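Novice: Sharing a structure here in structure tokens format.
A short reminder: the numbers here are calculations on the coordinates, not readings from a lab. The shown structure was predicted, so the numbers you read here are calculated from the model rather than taken from an experiment. Cβ atoms come from the backbone with ideal geometry, glycine included; neighbour counts cover every protein chain shown.
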Amino acid sequence: MHDRHSSAAGAAAAHAAEAPSPWIVRFAPLLPRGARVLDLACGQGRHARYFAARGHRVVAVDRDAVAVAALAGEAAIDARALDLETGPWPLGGERFDAIVVCRYLHRPLFPRLLAALADDGVLIYETFARGNEAFGRPANPEFLLLPGELLALATPGLTVVAFEQGHAAAPAPGAVVERLAAVGSGRRWPPPLPSA
């Protein structure tokens, strides 16, 4: 979702209508065939639907029950309305071949995400960073990565395939983002690089 506390119906509908993030699409080929994917803070499920259409099994999680309900009945998608920010980690000891996060930041989850990623798993993450406040929402520093913060998340446990930070044309002109694609240490190296 655009902001972790946003649940307005208009924002959810706009999010659902969006195409998958080009960054996530670019690195989707890193996932093994039939991977079990966690789409964290999935909103209306644009990435969950994308990965399910590619033949993956998706666990789509968001605390907005109305947004998650939009995924009801979708083949290969296990949609769950869960609050990731209060109480114990709601996914217990579940492990995933890939974890995808787009436009969501809750720093206390970083260790849990890494623990939930299979040894040879893929992490694809994209969200807003400091400097974005000059261009729009989110503007609260709590929801904005520090320079290089996403890269620091990946080390030492993951091998970074690609990292970007700076101004981007999407999701809005001038948005400031950080993007990461990384693989677990159990992954055969080097992975094939997806075409740009």
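Novice: Work through the residues other than Ala76 whose Cβ is under 12 Å from its Cβ and net out their charges, Lys, Arg +1 and Asp, Glu -1.
Specialist: Details: positive: Arg36, Arg49, Arg54, Arg57; negative: Asp39, Glu74, Asp78.
After counting each charged neighbour, the total is +1.
Novice: For Arg95, what is the net charge nearby, where nearby means another residue's Cβ is under 10 Å from its Cβ and Lys, Arg count +1, Asp, Glu -1?
Specialist: Details: positive: Arg36; negative: Glu94, Asp97, Asp119.
So the environment of Arg95 carries a net charge of -2.
Novice: Hey, another quick one. At a 10 Å Cβ-Cβ cut-off, how would you order Thr159, Thr86, fewest neighbours first? Before the final figure, lay out each step's value.
Specialist: Values: Thr159 15, Thr86 7.
Listing Thr159, Thr86 from fewest to most nearby Cβ atoms yields Thr86, Thr159.
Novice: Can you bin every Cα-Cα distance in segment 23-184 into 10 Å intervals starting at zero and give me the percent of pairs per bin, rounded to whole numbers?
Specialist: Cα pair-distance distribution for segment 23-184, in percent: 11, 40, 39, 10, 0.
Novice: Let me ask another. Where does each of Cys42, Cys102 land when they are ranked from fewest to most other beta-carbon atoms within 10 angstrom?
Specialist: Details: Cys42 30, Cys102 25.
By the 10 Å Cβ count, ascending: Cys102, Cys42.
Novice: Can you sort His106, His47, His56 so the residue with the fewest Cβ neighbours within 10 Å comes first?
Specialist: Details: His106 16, His47 26, His56 23.
Going from least to most buried by this count: His106, His56, His47.
Novice: Hey, another quick one. So who's got an amide H within less than 5 Å of the one on Arg103, skipping anything under 5 residues away but keeping other chains? H placed 1.01 Å off N, in plane.
Specialist: Amide H to amide H, under 5 Å and 5 or more residues apart or across chains, Arg103 pairs with Glu126, Thr127, Phe128.
Novice: Per the helix-only calculation at 222 nm, which mean residue ellipticity applies to the chain, given -39500 (n - 2.57) for every DSSP H run of n ≥ 4 and division by its residues, nearest 500 deg cm²/dmol?
Specialist: Working: 6 runs with 41 residues, N = 196.
So the helix-based figure for the chain works out to -5000 deg cm²/dmol.
Novice: Which whole-Hz ³J(HN,Hα) couplings does segment 59-66 yield from phi under the Karplus relation 6.51 cos²θ - 1.76 cosθ + 1.60, θ = phi - 60°, glycine and proline marked x?
Specialist: For segment 59-66, the Karplus-derived couplings read 9, 9, 10, 7, 7, 7, 4, 5 Hz, x marking Gly and Pro.
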